[in-house]
Amino acid sequence: MNDVSCLLAGLTRLLFPFLLLVIWRRKTGALLYPALVAFLVTVPVFIVAGGIRSGFSQDDLVLFHLQTGLLFGIFEEGGKYLALRYALESYDSRENAVTYGIGHGIWEEIGAGLSCFGLIGTGNAAPDILPVNLFFALFGTADVIALTVLIFYGIRTGRSKVMLPAAILLHALSNAVNGMFSFSLPITAGFSVLMTACLGCAAYRCWTALRDPYEEEL
């Protein structure tokens, strides 16, 4: 039964962002190209950041997770900024920014999905692997999208000097806490709910502030 749960958990992590991308495309008419760019940017970002992380000492786990969180915060959010600011300058809409966020999340979900598949036949999977992975697929993707909206808002409003560092630090905090308390599902799940709620509120305020004037007439 655990093997079936591993399979379903893996499929959930792999398919969820693609399903979300299709729904978003149909609902808003956003282009798919930003998602492709996001994926192409995220792959080398994770490879380079992962290589740097491999050199970190794990003698002090708290310091290790703080360093790792900040490292990936800088690389991931910095990559988003550069892509949205320069590579996707011609796709300057809040809908396409969300599409970029979903594309960024696809790479993370692929890694999580393959990890679930890797547990098949080992007997090491937790009994609740399916609901746990569904939970983190939902909240993890929401966080990625929210941070992307914050960065896009900074670009559109000329406030990147504030919004980019804020996104980096929030990303770093999330990674560090989840890493340090990976042994406790209640702590990491509770923190994820709190973080997503805060990021969601901030992203919604930025989203509404970016509404084009003509939308008020529709």
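A few points about this structure:
- Scanning the stretch 37-92 for residues that are surrounded by fewer than 17 Cβ atoms within 10 Å (Cβ to Cβ), in contact (Cβ under 8 Å) with a residue 40 or more places away in the chain and more than 22 Å from residue 105 (Cβ to Cβ) turns up 61, 62.
- Within the stretch 93-128, tally of residues that are touching a Cys at 6+ places or on another chain (Cβ under 9 Å) and crowded, with 19+ Cβ neighbours inside 10 Å: 4
- Residue in the stretch 123-146 that is in contact with a Gly (Cβ under 7 Å, 6 or more places away or on another chain), farther than 22 Å from residue 79 by Cα, among the hydrophobic types (A, V, I, L, M, F, W, C) and in contact (Cβ under 8 Å) with a residue 24 or more places away in the chain present: no
- Qualifying residue in the stretch 147-154 (condition: within 25 Å of residue 96 (Cα to Cα), surrounded by fewer than 19 Cβ atoms within 10 Å (Cβ to Cβ) and touching a residue at least 40 places away in the same chain (Cβ under 8 Å)): no
- The number of residues in the stretch 95-148 that are over 16 Å from residue 46 (Cβ atoms), aliphatic (A, V, I, L, M), more than 9 Å from the chain's Cα centre (by Cα) and outside any loop (DSSP other than H, G, I, E, B) comes to 8.
Each reported figure results from applying straightforward, stated rules to the coordinates on display, with no laboratory input. Computed from a predicted model, the values in this text were never measured in an experiment. A quick note on method: Cβ atoms are made from the backbone with ideal geometry, for glycine too, and the neighbour counts reach across all protein chains shown.
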